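Down below is the structure, laid out as structure tokens.
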Amino acid sequence: MGGLGYFPGDSFLHRANPILKLFLALVLVTAIFAIPSLIAPAAVLVLTFLLSVSCKSGRWMLRIIRSMIKFSLVIFIIQTLFIQTGDTLIPLFWGLRITYQGVMFSLGFVLKLIASALPLALVLRVTKGIDLADALNETFKIPYKYAYAVASAMRFVPDFADEMKDIIEAQTARGVEHDTKGFVKKARLLAPICLPLLLSGVRKAEVAAISAEMRGVSNR
Amino acid sequence: MIKIEKFSFKYKGSEKFALHDVNLDVPAGAFLGLSGVSGSGKTSLLYSCCGVIPHFYKGDFYGSVRLAGLDTVETPISELSKIAAIVFEDMDSSFACTYPEDEIVFGLRNFGHTKAEAEEITAKIMAELSIEDLRGKLIRSLSGGQKRKTALAAAIAIKPKVLLLDEPTGELDPEAKIQVFEILEKLNADGLTIIISERNETLLRKYCTSEYTVTNA
Ligand SMILES: Nc1ncnc2c1ncn2[C@@H]1O[C@H](COP(=O)(O)OP(=O)(O)OP(=O)(O)O)[C@@H](O)[C@H]1O
Ligand SMILES: [Mg+2]
């Protein structure tokens, strides 16, 4: 999941009003889930990709889509197994089966999931958190402290991704295979990472919050 | 500037005292170095000087700590933070922004400066610390020394009376360590009261004008 978070640039999207960007992203996400047709997520996917290209981030967007697809495969499989109504495509063990309806529904669901994550990822890439905080505070009169909390969360996305990479590398150095193709195996390897990541995340967030308070974030 | 009397502190949920019966008087203009083994309470003492303890870290608090005459327990953090600035040991997590210049502007605007004023002061401070070349570079891509200077610049921009630094040279190479201490020496000469925790005894003795060894026995 490397490459999440702000990336410098001076494209049209970089310079656009932060609130406008966030609003448009939310409109797209809402459209995906409000319009029953699968044309909506497909259109959002294409539109977001074109927008990414416009700010020199096309290649990055493809990478994000690829890792989203990997991530979604697990969801797709679980989803498919849960839907046991409809015409059997492949019968499995213990009376379980893969059905046509199950596959179609899960495909649609995963497509919506991927499409809805992309606009937000793009907004994160072209917006400085601190600019969004200023805009939220000035336009909507949201107390700066809370506006800043949003910015701070955005500021931590790349750190979080980096740390995950560090831990995976440390495990790889100790001989843990992360390139494995099996999903269950991969999930079992990732599980022990989650706790240290969460704990260090909490500690970092604590320092970040205290540091912001000591620099007057509540005074504004 | 800071007066600590019969001060003991035990973190909530902890069995033993992190600081025990500390008596310390730091006059204005001091450049005090804190030494002590790992776990002796240097960080806790710095936290106590600026009100991070007990405002953010709760626990059993005995005795009194006064910052510029203000009792740190009774005075809200919004007041204490105008007097004392702190540079955290984990500075990576303490940055609020993506760029060094934004980081300095952040505190200034919070303390009531307009955007234009904040940008003017930022330019001045970056020139003073010779970090103008860091403008437009992502903080996360900077070297340890460059990050330290950025955190330092952000801390002194708001013109505190006291500057607290928690092992600010930890991971730096010897040359960068000296650079940081030379900046501090100049700030101290201009009247800033400084308290710093530092493992390197040689540097501590060379630059600090007084030393306090923290023990939690
Ligand atoms: N948040 C906390 N909760 C509970 N106990 C803590 C907390 N922070 C520190 N302590 C404890 O308080 C004592 C003093 O810790 P402190 O971090 O102040 O020491 P230090 O001198 O800064 O150590 P180091 O040189 O390793 O940074 C230690 O025993 C530590 O375990
Ligand atoms: Mg410490």
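Key figures for this structure:
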{"read-out": "Flag for A:ALA170 being part of a helix (DSSP H, G or I) and more than 14 Å from chain B (Cβ to nearest Cβ)", "value": "yes"}
{"read-out": "Hits in the stretch B:36-58 (condition: at the interface with chain A (Cβ under 10 Å from one of its Cβ atoms), within 11 Å of ligand 1 (Cβ to nearest atom) and without any contact (Cβ under 8 Å) to a residue 40 or more places away in the chain)", "value": "B:TYR47, B:VAL52, B:PHE56"}
{"read-out": "The stretch B:74-89, subset within 16 Å of ligand 2 (Cβ to nearest atom) and of a type in the set (A, V, I, L, M), residue surrounded by the most Cβ atoms within 10 Å (Cβ to Cβ)", "value": "B:ILE86"}
{"read-out": "Single unsatisfied condition, B:ILE53 versus (1) among the aliphatic types (A, V, I, L, M); (2) touching a Phe, Trp or Tyr at 6+ places or on another chain (Cβ under 8 Å); (3) modelled with pLDDT of 95 or more", "value": "(3)"}
{"read-out": "Tally of residues being away from ligand 1 (no atom under 16 Å from the Cβ) and either within 11 Å of the chain's Cα centre (by Cα) or on the phi > 0 side of the Ramachandran plot (or both) across the stretch B:162-183", "value": "2"}
{"read-out": "Residue match in the stretch B:45-52 (condition: among the hydroxyl-bearing types (Ser, Thr, Tyr), in a strand (DSSP E or B) and either more than 16 Å from ligand 2 (Cβ to nearest atom) or under 24 Å from B:TYR207 (Cβ atoms) (or both))", "value": "no"}
{"read-out": "Output for the stretch A:84-137, where each listed residue is farther than 19 Å from A:ILE64 by Cα and among the hydroxyl-bearing types (Ser, Thr, Tyr)", "value": "A:THR85, A:THR88, A:THR99, A:TYR100, A:SER106"}
{"read-out": "B:THR122 being crowded, with 24+ Cβ neighbours inside 10 Å and either outside the structural domain of B:ILE196 (by TED's automatic domain parsing) or modelled with pLDDT under 95 (or both)", "value": "yes"}
{"read-out": "Search result, residues across the stretch B:150-175 that are charged (D, E, K, R) and not in a helix (DSSP H, G or I)", "value": "B:LYS159, B:LYS161, B:ASP166, B:GLU167, B:GLU171, B:ASP173"}
{"read-out": "Which numbered condition B:SER40 misses (of (1) touching a helix residue (DSSP H, G or I) at 6+ places or on another chain (Cβ under 8 Å); (2) within 26 Å of B:LEU203 (Cα to Cα); (3) within 16 Å of ligand 2 (Cβ to nearest atom))", "value": "(1)"}
{"read-out": "Which listed residue, of B:PHE181, B:PHE111, B:PHE106, is more than 14 Å from chain A (Cβ to nearest Cβ), in contact with a helix residue (DSSP H, G or I) (Cβ under 8 Å, 6 or more places away or on another chain) and among the aromatic types (Phe, Trp, Tyr)", "value": "B:PHE181"}
{"read-out": "For A:LYS128: the one exception among (1) away from every other protein chain (no Cβ under 14 Å); (2) under 18 Å from the mean Cα position of the chain (by Cα); (3) basic (Lys, Arg)", "value": "(1)"}
{"read-out": "Test result for B:LEU165, of a type in the set (A, V, I, L, M), under 23 Å from B:SER93 (Cα atoms) and within 16 Å of ligand 2 (Cβ to nearest atom)", "value": "yes"}
{"read-out": "For B:VAL26: the one exception among (1) away from ligand 2 (no atom under 16 Å from the Cβ); (2) more than 14 Å from chain A (Cβ to nearest Cβ); (3) surrounded by fewer than 17 Cβ atoms within 10 Å (Cβ to Cβ)", "value": "(3)"}
{"read-out": "Residue within the stretch B:77-86 that is more than 9 Å from chain A (Cβ to nearest Cβ) and either over 13 Å from B:ALA155 (Cβ atoms) or at pLDDT below 95 (or both) present", "value": "yes"}
{"read-out": "Lone qualifier among B:ASP71, B:ASP92 - being away from ligand 2 (no atom under 16 Å from the Cβ) and not aliphatic (A, V, I, L, M)", "value": "B:ASP71"}
{"read-out": "Conditions (1) in contact (Cβ under 8 Å) with a residue 24 or more places away in the chain; (2) under 27 Å from A:SER72 (Cα atoms); number of the one not met by A:ARG188", "value": "(1)"}
{"read-out": "Boolean, B:ALA151 is within 13 Å of chain A (Cβ to nearest Cβ) and within 16 Å of ligand 2 (Cβ to nearest atom)", "value": "yes"}
{"read-out": "Whichever residue in the stretch B:9-23 is in a strand (DSSP E or B) and within 12 Å of ligand 1 (Cβ to nearest atom) and, among such residues, is nearest to the other protein chains (Cβ to nearest Cβ)", "value": "B:TYR11"}
{"read-out": "Members of the stretch A:4-23 that are surrounded by fewer than 16 Cβ atoms within 10 Å (Cβ to Cβ) and either closer than 15 Å to A:MET154 by Cβ or more than 14 Å from chain B (Cβ to nearest Cβ) (or both)", "value": "A:PRO8, A:SER11, A:PHE12, A:ARG15, A:ALA16, A:ASN17, A:LEU20, A:PHE23"}
{"read-out": "Residues located in the stretch B:176-193, provided they are part of a helix (DSSP H, G or I), among the acidic types (Asp, Glu) and surrounded by fewer than 12 Cβ atoms within 10 Å (Cβ to Cβ)", "value": "B:GLU182"}
{"read-out": "Pair list, Cβ under 8 Å, 6 or more apart: the stretch B:87-104 residue without any contact (Cβ under 8 Å) to a residue 40 or more places away in the chain, other residue of a type in the set (Ser, Thr, Tyr)", "value": "B:SER93/A:SER211; B:ALA96/A:TYR148; B:ALA96/A:SER152; B:ALA96/A:SER211; B:GLU101/B:THR122"}
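The values are calculated or read from the model by the stated rules, or taken from the named source; none is laboratory data. These figures come from a predicted structure and were not determined experimentally. Don't worry about glycine lacking a Cβ; one is built from the backbone with ideal geometry, like all the others, and counts go over all protein chains shown.
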